[in-house]
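Contents: one structure, followed by commentary.
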Amino acid sequence: MHLLETSIQLNLNVGFSDVRINDVAAALPALGRSLACQAAAEMLHRTQAEHLERVFRGDAEIVCHGCGVVHESAQNLVRRGSRGRRLRTSSGDIAFRLLQVTCRDCGKTWSPYAELLGLAPRQRIAEELERKLVEAVTNLSYAKTSRLGAAWMGSGLSPRTLHRCVQARGRKVQFTPASECKVVLADGTKVPAGRRLFGTDVRVSFQILGRSKEHGRSVIQKRIAGWSIGALGWSQALPPGIASEVIVTDRESGIPEVIAAQHPGVRHQICEWHLGHTMNHLMALDHVPVAERRGLVAELNAIVWDSRRGGRERLRAFCKRLVQSARAKAMLLDSVSRVLYPKRSSERTTSPAEREMREINRRTDVGVQWSVSGVNHMLKLRHAMRLNPDDFERIWTPVRPVQFTVVPPA
């Protein structure tokens, strides 16, 4: 729309007696919301009125919703009053009016300004408020977010409405990988969702884009490259072209076949930390005593983290001596071709991905059984906001700044 510069004057009557500074401070949020909503209503009215004047002068146009005629003057267009509209925002409810016109060609009366102002049909909630509450609910429960929205911003949404917003926005999230990346970590976890007793699988692949220092601590730049949940397998969570050198995983079923089919020439590295962890678990299933298990795990770790060459040969020799657990021995022999490469991988564990799995579990393990779509959309929003901010921004309408200048009293 045309650039509009205008001045808005509001009269304020304040009643007080023996006022104290804390009384004024407590009244400021409600006062600010009231003034902001009145100013917003006046801005919307003046924007519409100025645009309509430009149409009548022939400097702008309006297309009739009935017959499709383009009106560029007052010749076949008549003003027809206005109708009320209310929009909920984080500053309160804005009550304003939409100017209406009548087309003389077809007789249709309508308001062209809902569309010009960016209002969807039957929209009652501003996208600005929706976004703030959606961002909050990724870390809090629906009920708590609804209460905090009403308490802090003076305007909230019911938990049911907020849930619908999360589902609608989460459905739009599409994770896009970085164009160039050498290393990908892939991991999965279970979340309490669906009808299965042990929950539903969530599978995620993370691109490692670099490391930096923040406040003296090493920080890894990660980006989500692939995502799948439930029956959707690793082929969707590990899309082609996301890594050029190595993909690090633990021993999740189905991964080797997907990497071989979709990532030819990319090294498949099994997380070397998981070798000792998995071996200890399998030996426990074979009833190996705890003290003996600890000694064998320590011996395996010494081989894995030894920087000298010949690690695979030492691991194979260790497997030959491992007679206490057939399951642990079979696991190690199956893994030996994907660990301890002669030229060590730049990433050898899935530790950075494990932290993200804990973040997933922290949000979902709240004592309820989620629906698969409900948990999927919630988690996609949460992790797009954390790791793929550009993907998160794409689901919202870009905000154009409105400049305000406070005019001091004369």
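The values are calculated or read from the model by the stated rules, or taken from the named source; none is laboratory data. What you are looking at is a predicted structure, and each value in this text was computed from that prediction instead of being measured. Please note: Cβ atoms are built from the backbone with ideal geometry, for glycine as well, and neighbour counts cover all protein chains shown. Side chains are part of the model used for accessible areas, which takes the heavy atoms of the whole protein and leaves out ligands, DNA and RNA. Shrake-Rupley method; radii C 1.70, N 1.55, O 1.52, S 1.80 Å.
Here the 3J(HN,Hα) profile of region 46-54, calculated from phi with Karplus coefficients 6.51, -1.76 and 1.60 at θ = phi - 60°, is 5, 4, 5, 4, 5, 5, 5, 4, 5 Hz, Gly and Pro shown as x.
Taking amide H atoms as placed 1.01 Å from N in the peptide plane, the amide H of Ile125 lies under 5 Å from those of Arg88, each 5 or more residues away in sequence or on another chain. Within the listed set His383, His287, His268, the residue fluctuating most in the Gaussian network model of the chain (springs between alpha-carbon atoms under 10 angstrom) is His287. Cβ-Cβ distance of Ser337 and Ser373, R₀ of 30 Å, FRET efficiency by 1/(1 + (r/R0)^6): the value works out to about 0.15.
Can you tell me how much longer the chain between Glu359 and Cys67 gets when fully stretched, taken as 0.36 nm per residue apart minus their C-alpha distance, in nm with one decimal?
Details: separation 292, 0.36 × 292 = 105.12 nm, distance 5.43 nm.
Here the answer is 99.7 nm.
Between Ala151 and Arg321, the simple spin-label model (points 7 angstrom out along Cα→Cβ) gives 6.1 nm. How much FRET efficiency would the formula 1/(1 + (r/R0)^6) give for Phe198 and Glu115, where r is the Cβ-Cβ distance and R0 is 45 Å, rounded to 0.05? Calculated transfer efficiency: 0.35.
For Gln221, the residues whose modelled amide H falls within less than 5 Å of its own, excluding neighbours fewer than 5 places apart on the same chain, are Leu209, Gly210, Arg211, Ser212. By the Cβ distance rule (another cysteine Cβ under 4.7 Å), the unpaired cysteines of the chain are Cys37, Cys165, Cys181, Cys271, Cys319.
Report, in debye and to the nearest 20, how large the dipole of the chain comes out about its Cα centre when Lys and Arg carry +1 and Asp and Glu carry -1 on their Cβ. Don't skip to the answer; put the middle values down first.
Details: 61 positive and 39 negative charges, 211 e Å.
For the chain, the charge dipole is close to 1020 debye.
About its Cα centre, the dipole of region 358-410 is roughly 100 debye, where the only charges are +1 on Lys and Arg Cβ and -1 on Asp and Glu Cβ. For the chain, what does the accessible surface come to per residue with a 1.4 Å probe? Please give it in Å². Per residue, the chain has an accessible area of 56 Å².
One decimal place: the segment Arg344-Asn76 gains 88.7 nm when fully extended, by the rule 0.36 nm per residue minus the C-alpha distance. The heavy atoms of Arg344 offer some 70 square angstrom of accessible surface to a 1.4 angstrom probe. Which of (i) 20, 38, 27, 13, 3; (ii) 27, 44, 22, 7, 0; (iii) 30, 61, 9 is the computed P(r) over Cα pairs in 20 Å bins from 0, in percent for the structure on display? Computed from the coordinates, P(r) over Cα pairs in 20 Å bins from 0, in percent corresponds to (i).
Quick check: with the 1.4 Å probe, what order do Ser307, Ser212, Ser205, Ser244 take by accessible area, largest first? Don't skip to the end; give the middle numbers.
Working: Ser307 105, Ser212 40, Ser205 0, Ser244 70 Å².
So, going from the largest accessible area down, we get Ser307, Ser244, Ser212, Ser205.
Spin-label pair Asn301-Cys106: with each label point 7 Å from Cα along the Cα-Cβ axis, the two points sit 7.6 nm from one another. Computed extension length for Ala168-His281: 36.5 nm, one decimal, from 0.36 nm per residue of separation with the Cα-Cα distance subtracted.
The residue list Thr278, Ser325, Ser373 was ranked by how far each Cα lies along the charge dipole of the chain toward its positive end, using unit charges on Cβ atoms, and Ser325 comes out on top. Would you mind telling me which residue in Thr350, Thr249, Thr109 has the biggest mean-square fluctuation in a Gaussian network model of the chain, where springs connect alpha carbons within a distance under 10 angstrom? Most flexible of the set in this elastic network: Thr109.
Using Cβ point charges alone (K and R +1, D and E -1), the dipole size of region 44-102 about the Cα centre works out to roughly 380 debye. Between Trp305, Pro240, Leu52, the Cα set farthest toward the positive side of the dipole of the chain (charges on each charged residue's Cβ, about the Cα centre) is that of Trp305. Heavy-atom accessible area for Tyr113, with the other protein chains in place and a 1.4 Å probe, reaches approximately 0 Å². Calculated mean residue ellipticity at 222 nm for the chain: -13000 deg cm²/dmol, from DSSP H runs with n ≥ 4 weighted as -39500 (n - 2.57), summed, divided by the residue count and rounded to 500. Of the accessible area of the chain, computed with a 1.4 Å probe over protein heavy atoms only, carbon and sulfur atoms account for 53 percent.
Karplus-derived 3J(HN,Hα) values for region 297-308, using 6.51 cos²θ - 1.76 cosθ + 1.60 with θ = phi - 60°, are 5, 5, 5, 5, 5, 4, 5, 5, 9, 6, 7, 6 Hz; glycine and proline are entered as x.
Using the Karplus relation 6.51 cos²θ - 1.76 cosθ + 1.60 with θ = phi - 60°, the per-residue 3J(HN,Hα) values for region 173-185 come to 6, 10, 7, 10, x, 5, 5, 10, 7, 8, 10, 10, 10 Hz, with x marking Gly and Pro. Sorting Asp250, Asp334 by solvent-accessible area of protein heavy atoms yields Asp334, Asp250, largest first, with a 1.4 Å probe. Comparing Trp152, Trp227, Trp370 in a Gaussian network model of the chain, where Cα atoms under 10 Å apart are tied by springs, the biggest mean-square fluctuation is seen for Trp152.
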